[in-house]
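See below for the structure under consideration.
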């Protein structure tokens with residue numbers, strides 16, 4: 001619904017040649033705008049509103065991250081990165097090595113992101 005208000009004045013002078021049944025006559029413009037306004041206000045009763053949002057599934061990460069200090073999250077991700085690097089050096093299988101390297105990179109990326117959030 002528009003927040004603008006239009007002010008119509010039925011006392012505006014109309015030309016002598018304009019009949020009262022003409023739709024552009026100021027009295028008819030005023031009457032028609034009141035009819036349209038009343039109909040619009042009556043139609044708001046039937047407007048469809050979205051249902052209220054239900055947060056049935058809470059994010060377990062959000063709950064976990066609210067309870068753990070950022071320092072411990074950074075420390076844990078650095079430890080995961082170091083452990084995965086040491087495991088990567090011991091294992092000879094290339095696919096497993098690539099997986100542990102990816103885990104190390106992801107955990108270091110997480111730690112750096114958390115540090116940036118703390119310092120900014």
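Here, each number is a calculation from the coordinates, and none is a lab measurement. All values reported here derive from a predicted model rather than from experimental measurement. So basically every Cβ, Gly included, is an ideal-geometry build from the backbone, and we count neighbours across all protein chains shown.
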Got a sec? How would 93, 25 order by Cβ neighbour count within 10 Å, fewest to most? 93, 25
If r is the Cβ-Cβ distance from residue 47 to residue 20 and R0 is 41 Å, what FRET efficiency results, to the nearest 0.05? 0.70
